[in-house]
1. Only one of these is crowded, with 21+ Cβ neighbours inside 10 Å and free of Cβ contacts under 8 Å to residues at least 40 places away in the same chain: ILE109, ILE99, ILE78. Name it.
2. Please go through segment 147-179 and give me each residue that is of a type in the set (S, T, N, Q) and within 17 Å of PRO81 (Cα to Cα), ordered by number.
3. Among the numbered conditions (1) buried (at least 17 other Cβ atoms within 10 Å of the Cβ); (2) among the hydroxyl-bearing types (Ser, Thr, Tyr); (3) at pLDDT below 95, tell me where SER21 comes up short.
4. Enumerate the pairs (first residue in segment 33-47 and at pLDDT 55 or above; second residue anywhere and surrounded by 15 or more Cβ atoms within 10 Å (Cβ to Cβ) and of a type in the set (Val, Ile, Thr)) with beta-carbon separation below 7 Å, excluding pairs fewer than 6 apart on the same chain, so at least 6 apart or on different chains.
5. Is it true that some residue in segment 176-188 is buried (at least 22 other Cβ atoms within 10 Å of the Cβ) and among the small types (Gly, Ala, Ser)?
6. Would a scan of segment 143-152 turn up a residue that is modelled with pLDDT of 90 or more, over 14 Å from the mean Cα position of the chain (by Cα) and assigned to a loop (DSSP other than H, G, I, E, B)?
7. Take segment 153-195 and flag every residue that is among the β-branched types (Val, Ile, Thr) and within 11 Å of the chain's Cα centre (by Cα).
8. Scan segment 153-174 for residues that are surrounded by fewer than 23 Cβ atoms within 10 Å (Cβ to Cβ) and outside any loop (DSSP other than H, G, I, E, B) and jot them down.
Amino acid sequence: MKKGNVRLPVTGIVFLLVGVSITVFAFGFSMWGGFTQDTTISASEVSALNTPAGTNVKIDKNSNTIYFYGLDVIIPIIASPENGPMYAFEIYGLVNPKIVVQKGANVTIEFVNGDNDMYHGVVVTPGAPPYYYMGEMMFDRSAFAGSFVQPLPPESNHKFYFAKATFKANISGSFYYICQVPGHAENGMYGQFVVR
């Protein structure tokens with residue numbers, strides 16, 4: 001056999017680069033929870049979400065805490081609310097409140113991106129502050145299976161992107177709900193999530 005230089009054809013290099021790009025793209029979305037089908041809702045529907053329905057909710061404005069009672073809990077979270085800080089979550093009129101649920105509760109997060117120019121998402125994580133720029137996306141895993149909503153697009157034509165996540169709060173302890181978009185939790189977009 002004759003020895004010589006091995007030359008990779010140009011088309012081989014192109015296919016290699018395309019394959020690497022697709023892999024990186026898919027890996028990036030898998031860290032945010034993959035693709036999901038979300039929908040849009042109107043401003044009036046966003047307002048309706050922010051009104052407590054039922055008696056299983058106690059709102060303590062003095063301590064900025066919301067207590068949810070019972071084993072079926074719905075938590076409406078509005079990211080970057082219209083009249084609030086850019087890097088904040090609003091739940092029943094409180095900004096980044098401490099949330100308290102019972103161990104064993106089936107929790108449904110009803111998540112709305114209220115921002116008009118940025119993506120936002122939410123994940124319940126065991127990782128405590130302080131948060132760093134890439135730490136939210138790269139290192140903070142969800143505390144409970146399914147306790148995340150991938151980042152949703154900003155408001156478009158007076159319609160707000162909306163998605164749900166449901167999980168079982170089956171571990172007691174102190175956790176945090178954060179926006180997993182790089183830099184957002186670092187800028188204050190998080191709150192405490194307690195299971196007891």
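1. So the residue among ILE109, ILE99, ILE78 that is crowded, with 21+ Cβ neighbours inside 10 Å and free of Cβ contacts under 8 Å to residues at least 40 places away in the same chain is ILE78.
2. SER156, ASN157
3. The single condition SER21 does not satisfy is (1).
4. Listed pairs, sorted by first residue: ILE41/VAL112; VAL46/ILE78; VAL46/VAL112.
5. Yes; the residues of segment 176-188 include at least one that is buried (at least 22 other Cβ atoms within 10 Å of the Cβ) and among the small types (Gly, Ala, Ser).
6. Of segment 143-152, the ones modelled with pLDDT of 90 or more are 143-152.
Next cut, over 14 Å from the mean Cα position of the chain (by Cα) only: none.
No.
7. Pass one, segment 153-195, residues among the β-branched types (Val, Ile, Thr): 166, 171, 178, 181, 194-195.
Passing the criteria: ILE178, VAL181.
8. Once the filter is applied, which keeps residues that are surrounded by fewer than 23 Cβ atoms within 10 Å (Cβ to Cβ) and outside any loop (DSSP other than H, G, I, E, B), segment 153-174 yields SER156, LYS159, PHE162, ALA163, LYS164, THR166, PHE167, LYS168, GLY173, SER174.
The values are calculated or read from the model by the stated rules, or taken from the named source; none is laboratory data. Quick caveat, the model's predicted, so the values are computed rather than measured. All Cβ positions, even for glycine, are placed from backbone atoms using ideal geometry, and neighbour counts span all protein chains on display.
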